[in-house]
Amino acid sequence: MINQLWINLPVKDVAKAREFFVKIGFTLNPQYGNGPGSASLLVGTKSTCVMLFPEATFQSFVMNEVADPRRATEVLFSIGADSRAEVDEMAQKVAAAGGTVFAEPSAKGDWMYGCGFIDPDGHRWNMLYMDMSKIPKG
């Protein structure tokens, strides 16, 4: 049975990436490496693990070329929020921590509210609040 999801990301500078993610609310994972060669962070109440590795280390895992996230997007990471205010707060934290908000907080229909941002290495993320009582049926 699958019991956990780890997201592995290549980064140019582990220390800089670690600092960015801590500033926006991720927490350091005490169980795994947080040294010069990697960073392990936990996201959300279910503690999804995000691992940051230098590009060369990441490339040794995937045995393939590392994509340039500034030129094309392979994946969009989505983070669930408990409120519209939490979405607004994340956009402010991202900007203050050196990230780029590419989609300002806004409503998507009458049941979803979110924003999109780019971390310092070019990976795209979004944060969404979904009012499940208003979700369209069908």
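For the chain, give the percent of accessible area contributed by carbon and sulfur heavy atoms, probe 1.4 Å, rounded to a whole number. Let's see the in-between values first.
Values: 4580 of 8460 Å².
Of all accessible area on the chain, carbon and sulfur atoms account for 54 percent.
Determine the per residue accessible area of the chain with all protein chains present and a 1.4 angstrom probe, expressed in square angstrom.
Values: 8460 Å² over 138 residues.
On a per-residue basis, the chain sits at 61 Å².
Using a 10 Å cut-off on Cβ atoms, rank the peptides 89-100, 65-76 from the highest mean neighbour count down. Don't skip to the end; give the middle numbers.
Details: 89-100: 16.6, 65-76: 10.5.
Ranking the peptides 89-100, 65-76 by packing returns 89-100, 65-76.
Near A17, within a Cβ-to-Cβ distance under 12 Å, what is the net charge of the other residues, with Lys and Arg +1 and Asp and Glu -1? Walk me through the intermediate numbers first.
Details: positive: K12, K16, R18, K23; negative: D13, E19, E55, D119, D121.
So the surrounding residues net to -1.
Compute the helix-to-body angle for 84-96: its Cα long axis versus the longest principal axis of the chain, expressed 0 to 90° and rounded to tens.
40 degrees
Nearest 10 degrees is fine. How inclined is helix 14-23 to the longest principal axis of the chain, computing both from alpha carbons?
Roughly 20 degrees, rounded to the nearest 10.
The values are calculated or read from the model by the stated rules, or taken from the named source; none is laboratory data. Treat the numbers as computed from the prediction; the structure is a model and nothing was measured. Methodologically, a virtual Cβ is constructed for each residue, glycine included, from the backbone with ideal geometry; neighbour enumeration extends over all protein chains shown. Surface areas here come from the heavy atoms of the whole protein model, side chains and all, with no ligands, DNA or RNA. Shrake-Rupley method; radii C 1.70, N 1.55, O 1.52, S 1.80 Å.
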